[in-house]
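Asks: What follows is a structure written as structure tokens; I'll ask about it next.
Since every read-out is calculated from the coordinates, none of them should be taken as a lab result. Worth saying up front: this structure is predicted, and the values here are computed from it rather than measured. Using ideal geometry, Cβ is built from the backbone for each residue, glycine included, and neighbour counts are taken over all protein chains shown.
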């Protein structure tokens, strides 16, 4: 039965994966606050794109092969589904403005800062801190009462990008 969509081949999957990688690269090179994730910024800025594209194309048929290509390059994300999260959409409405201001201030000063809150659906933690010589920021979004959820990397005071499912 024909679904109307072209079949997924190694070539189309490799192309999709490489485009997802380019979206991460764009986020880190163009949207990242200069105080956040300097290590990842360097990895994306200095990435050898022709070599990585060839690696995607050659390894797309191997289980985990694309991850091997990215893992061979220091400071590159290995997630292949680019998604963003606007921080204002998840912060509690009654404290949204206050929290956005404190996040901006913490990033500007490279200060350690943590915010915890819960909704009916999720438990959230925003963490900003110096780790391994680099200032970093995360949003942990867990299903309420569990340790299952998502981790997002904060790339500027308003935006986080999807990192992994935990």
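Asks: Quick check: the angle from helix 10-26's long axis to the longest principal axis of the chain, C-alpha only, nearest 10 degrees?
Replies: The two axes meet at around 30 degrees.
Asks: Compare 114, 84, 146 in a GNM of the chain, Cα atoms joined below 10 Å, and give the one with the largest fluctuation.
Replies: Among 114, 84, 146, the largest mean-square fluctuation in the Gaussian network model of the chain belongs to 146.
Asks: Rounded, prolate or oblate: which fits the stretch 10-71 when a ≥ b ≥ c are the square roots of the eigenvalues of the alpha-carbon gyration tensor, with rounded for a/c under 1.5 and prolate only if a/b beats b/c?
Replies: Here the stretch 10-71 falls in the prolate category.
Asks: Mind pulling the angle between the C-alpha long axis of helix 49-59 and the longest principal axis of the chain? Nearest 10 degrees, somewhere in 0 to 90.
Replies: 60
Asks: Now a separate question. Rounded, prolate or oblate: which one fits the stretch 92-158, using the alpha carbon gyration tensor with axes a ≥ b ≥ c (rounded when a/c is under 1.5, else prolate when a/b beats b/c, else oblate)?
Replies: The shape class here is oblate.
Asks: Run the numbers on the chain and let me know its relative contact order in percent, using alpha-carbon pairs under 8 Å that are six or more apart. Before the final figure, lay out the partial values.
Replies: Values: 255 pairs, mean separation 35.2, N = 166.
Value for the chain: 21 percent.
Asks: Relative to the longest principal Cα axis of the chain, at what angle does helix 96-109 sit, 0 to 90 degrees, rounded to 10?
Replies: So the helix axis and the longest Cα principal axis differ by about 80 degrees.
Asks: A further question on this structure: With Kirkwood radius over Cα pairs in Å defined as stated, name the option among (i) 17.3; (ii) 16.3; (iii) 24.0 computed from the structure displayed.
Replies: The value computed from this structure is option (i).
Asks: Under a crude label model (7 Å from the Cα following the beta-carbon direction), how far is residue 71 from residue 166 in nanometres?
Replies: Roughly 2.0 nm, to one decimal.
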